[in-house]
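Since the structure comes first, as structure tokens, the remarks are kept for the end.
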Amino acid sequence: MSKDMIAFIDLKAQQAVIREKVDAGLARVLDHGAYVMGPEVFEFESRLASFAGAQHAISCANGTDALHLVLMCEGVGPGDAVFVPSFTFVATGEAPLLVGATPVFVDVCEDSYNMDPQSLLLAIASAKEAGLKPRVVMPVDLFGQPANYPEIIEIAKANELVVVADAAQGFGGSLHGRRVGSWADYTTTSFFPAKPLGCYGDGGAIFTDDADKAAILKSIRIHGQGSDKYDNVRLGVNSRLDSFQAAVLIEKLVIFEAELEARDQIAKRYNAGLAGHVVVPEVIDGAFSSWAQYTIRVKEREHFAESLKNEGVPTAIYYPRPLHTQAPYQGYPAPTNGLPVTEKLASEVISLPMHPYLDQKTQSRIIEQIRKEVNS
Ligand SMILES: *Cc1c(COP(=O)(O)O)cnc(C)c1O
């Protein structure tokens, strides 16, 4: 590489801001020794629930488990249809299959990259046609932008579907002033390090306003535990957030709001510098994105990525292959008109460096290189 490489996500810059507090938090865990289900876990859950505007936050081992736990909690299984986008991270499609249910793929909108309500209606018809019982819809807040919750919830009500929002990327975002985490029946998120709110390992959480469901989820995450440690009242799994990660997350949550503001400013600067040169991302009316990714669309993506890399600008492709084209996810129902927008986006999208500590000078260098590349 000829020039020094810009960071795609700069976790070190963030760590410098919170390092002392994190050190102190980790030291407290070492001192009390409650590594699993220590006090940090409950303290973090309570702070997280109030941040999200949800009654209950249930932490777990990762964002994939969060989806799996919710489906177990709702008793979803064989013969049930779970509506998911195909243009997403693999976990969204994985969760229904893990409980023996059938993923039914839904196309996305060309402006938001999120689940298309019209396509959802067609997918519901396809599921019924295939003899499945429509049970759950799982919209994804792709790249940080909230899904079209009002329309999806309306369709869900009319069809008796449970809404499970996969906000692994969108946590921190809001729609019409209401935070992600308080819209759906359940909202899940991930604390994988690269997510907008990440820890230093794996972690995840589920939000719900339903006290009974929250109690069931807390039981499922510890082997279906009943009132006593060795009393198991239902099938469960082992999926807990550990105390060290909770200690890290407590400090990260303190600076999260300021980081979201910084991400939004950076996205606006990208938009101003790149509009007219490439297809820039659109945010739907009333939405605040957590900007998990800043994703543009270009033609001849491979050449574009290679040229930028040679100039020290890293890029990443989320996602080059839609789920329905990959072996474990092939052959499941889809809308009668297929998934044309998904297929088109998967061949054009490319994401640019995005994190709250991207300084103006570095960002100007990125913008300049992109303009040079597309106008050459
Ligand atoms: C990251 C991600 C997940 C899974 O999170 P993990 O913590 O890595 O298991 C699920 N859904 C989406 C959309 C994601 O981006």
Give me a count of the residues in the stretch 171-216 that are within 16 Å of the ligand (Cβ to nearest atom) and outside any loop (DSSP other than H, G, I, E, B). 9
Enumeration of residues in the stretch 258-278 that are free of Cβ contacts under 8 Å to residues at least 24 places away in the same chain and among the acidic types (Asp, Glu): Glu261
Here the qualifying pairs (Cβ atoms under 8 Å; residues six or more apart or on different chains; first in the stretch 61-90 and without any contact (Cβ under 8 Å) to a residue 40 or more places away in the chain; second more than 9 Å from the ligand (Cβ to nearest atom)) come out as Gly77/Val99; Gly77/Gly100; Gly77/Ala101; Pro78/Gly100; Pro78/Ala101
Scanning the stretch 68-85 for residues that are among the small types (Gly, Ala, Ser) and under 27 Å from Leu339 (Cβ atoms), the one nearest to the ligand (Cβ to nearest atom) turns out to be Ala81
Phe288 surrounded by 18 or more Cβ atoms within 10 Å (Cβ to Cβ) and more than 30 Å from Lys252 (Cβ to Cβ): no
Across (1) open to solvent by less than 80 Å² (accessible area, probe 1.4 Å); (2) touching a residue at least 12 places away in the same chain (Cβ under 8 Å), Lys309 clears everything bar (1)
Given (1) more than 16 Å from the ligand (Cβ to nearest atom); (2) in a loop (DSSP other than H, G, I, E, B); (3) modelled with pLDDT of 95 or more, index of the condition Ala27 fails: (2)
Does the stretch 78-100 hold any residues that are open to solvent by 10 Å² or more (accessible area, probe 1.4 Å) and assigned to a loop (DSSP other than H, G, I, E, B), and which are they? Pro78, Gly79, Phe89, Val90, Val99, Gly100
Checked the stretch 228-276 for anything of a type in the set (A, V, I, L, M), crowded, with 19+ Cβ neighbours inside 10 Å and in a loop (DSSP other than H, G, I, E, B); matches are Leu241
Could you go through the stretch 354-375 and let me know if any residue there is closer than 16 Å to Val278 by Cβ, open to solvent by 80 Å² or more (accessible area, probe 1.4 Å) and among the polar types (S, T, N, Q). yes
For Ala292, state whether it is of a type in the set (Gly, Ala, Ser) and either over 20 Å from the mean Cα position of the chain (by Cα) or not in a loop (DSSP other than H, G, I, E, B) (or both). no
Do we find that Thr88 is farther than 30 Å from Arg234 by Cα and either among the β-branched types (Val, Ile, Thr) or within 16 Å of the ligand (Cβ to nearest atom) (or both) in this structure? yes
Only one of Gly33, Gly38 is open to solvent by less than 10 Å² (accessible area, probe 1.4 Å), away from the ligand (no atom under 16 Å from the Cβ) and over 21 Å from Phe207 (Cβ atoms); which? Gly38
Regarding the stretch 357-375, can at least one residue be identified that is closer than 30 Å to Val17 by Cα and basic (Lys, Arg)? yes
When the stretch 155-193 is examined, which residues are found to be of a type in the set (Phe, Trp, Tyr) and within 18 Å of Asp264 (Cβ to Cβ)? Phe171
Cβ pairs under 9 Å, 6+ apart, first in the stretch 216-228 and touching a residue at least 24 places away in the same chain (Cβ under 8 Å) and more than 9 Å from Asn238 (Cα to Cα), second among the aromatic types (Phe, Trp, Tyr) and open to solvent by less than 60 Å² (accessible area, probe 1.4 Å): Leu217/Tyr186
Test set (1) touching a helix residue (DSSP H, G or I) at 6+ places or on another chain (Cβ under 8 Å); (2) in a helix (DSSP H, G or I); (3) closer than 20 Å to Asn238 by Cα; (4) within 16 Å of the ligand (Cβ to nearest atom) - Asp65 fails condition number: (1)
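The values are calculated or read from the model by the stated rules, or taken from the named source; none is laboratory data. Just so it is clear, the structure is predicted and the values come from calculations on it, not from any experiment. Cβ coordinates were reconstructed from backbone atoms using ideal geometry, including for glycine residues, and neighbour counts include every protein chain displayed. Areas reflect the complete protein model, heavy atoms only, side chains present, ligands, DNA and RNA absent. Shrake-Rupley method; radii C 1.70, N 1.55, O 1.52, S 1.80 Å.
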